[in-house]
1. How do the pairs read when you match residues in the range 132-158 that are touching a residue at least 24 places away in the same chain (Cβ under 8 Å) with residues anywhere that are hydroxyl-bearing (Ser, Thr, Tyr), using Cβ under 6 Å and keeping only pairs 6 or more apart or on different chains?
2. Might you let me know whether the range 112-128 holds any residue that is at pLDDT 70 or above, more than 21 Å from the chain's Cα centre (by Cα), surrounded by 10 or more Cβ atoms within 10 Å (Cβ to Cβ) and not acidic (Asp, Glu)?
3. Got at least one residue in the range 35-43 being touching a helix residue (DSSP H, G or I) at 6+ places or on another chain (Cβ under 8 Å), at pLDDT below 80 and β-branched (Val, Ile, Thr)?
4. Have a look at Gly141, Gly133 and point out the one that is open to solvent by less than 40 Å² (accessible area, probe 1.4 Å), modelled with pLDDT of 80 or more, within 26 Å of Phe18 (Cβ to Cβ) and assigned to a helix (DSSP H, G or I).
5. Which residue pairs have Cβ atoms under 6 Å apart, sit 6 or more places apart or on different chains, and have a first residue in the range 88-116 that is in contact (Cβ under 8 Å) with a residue 60 or more places away in the chain and a second that is part of a helix (DSSP H, G or I)?
6. Only one residue in Ser62, Ser27, Ser48 is at pLDDT 75 or above and exposed (fewer than 11 other Cβ atoms within 10 Å of the Cβ). Which one?
Amino acid sequence: MNQREIASIGCKLIGIFFVVQGARLLSFNVPVAANMIADYTLTNIVYSLITILFGILLWCFSGKLAKILVKEKNRNEAVGIGASDLQRIGFSVLGLYFIGHSLPELVTKLASLHTSNHGLPGLPGLRIYFLGGTITELLIGIGIFLGSQGLVNLLNLIRTAGLKRDSDSELEE
């Protein structure tokens, strides 16, 4: 893989991320628009559609962006990175995403619990239930980030499970 191909793949991944985020934002705003509850509904829907459009444009023009990002002299320079390294980096990035997504939400919920009487004061189970999804996402993100090499090894083990290896066939003969 050369540097331009990697830059193109990166642009496509960011494009997919923007399309998913735009669809997520749109799903929040369409029910509000149907009931005409908020004053800024049209603005929010336009923002969601622009996010989706930007993601599609990133996907479509990833090759041209890669040419801009990578200089001509480095264009064909091969990058010495293997599939397991790419998988490890991918899992690390996914773990960081989960961590980055859950931390602000966790802080917001903790502040909300502290400032208001959310739930019954005598039942800590309701507070754990209120924070459960966010804490779970944070722990999964930390686990994926710190255990990325283990996950790659597990994938390799699953991929080769049940297949005969060359050393196994030599032992049988």
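The values are calculated or read from the model by the stated rules, or taken from the named source; none is laboratory data. Please read all numbers here as calculations on a predicted model, not as lab measurements. Note that each Cβ is placed from the backbone with ideal geometry, even for glycine, and that neighbours are counted across all protein chains shown. The area values use the complete protein model at the heavy-atom level, side chains included, leaving out ligands, DNA and RNA. Shrake-Rupley method; radii C 1.70, N 1.55, O 1.52, S 1.80 Å.
1. Matching pairs, first to second residue: Thr134/Ser102; Glu137/Ser102; Leu138/Ser102; Phe145/Ser92; Ser148/Ser92; Val152/Ser84.
2. yes
3. Within the range 35-43, one or more residues are touching a helix residue (DSSP H, G or I) at 6+ places or on another chain (Cβ under 8 Å), at pLDDT below 80 and β-branched (Val, Ile, Thr).
4. Numbers: Gly133 fails: open to solvent by less than 40 Å² (accessible area, probe 1.4 Å).
That would be Gly141, the only listed residue that is open to solvent by less than 40 Å² (accessible area, probe 1.4 Å), modelled with pLDDT of 80 or more, within 26 Å of Phe18 (Cβ to Cβ) and assigned to a helix (DSSP H, G or I).
5. From residues that are in contact (Cβ under 8 Å) with a residue 60 or more places away in the chain, the pairs are Arg88/Ser148; Arg88/Gln149; Arg88/Val152; Phe91/Ile144; Phe91/Ser148; Phe91/Leu151.
6. Ser27
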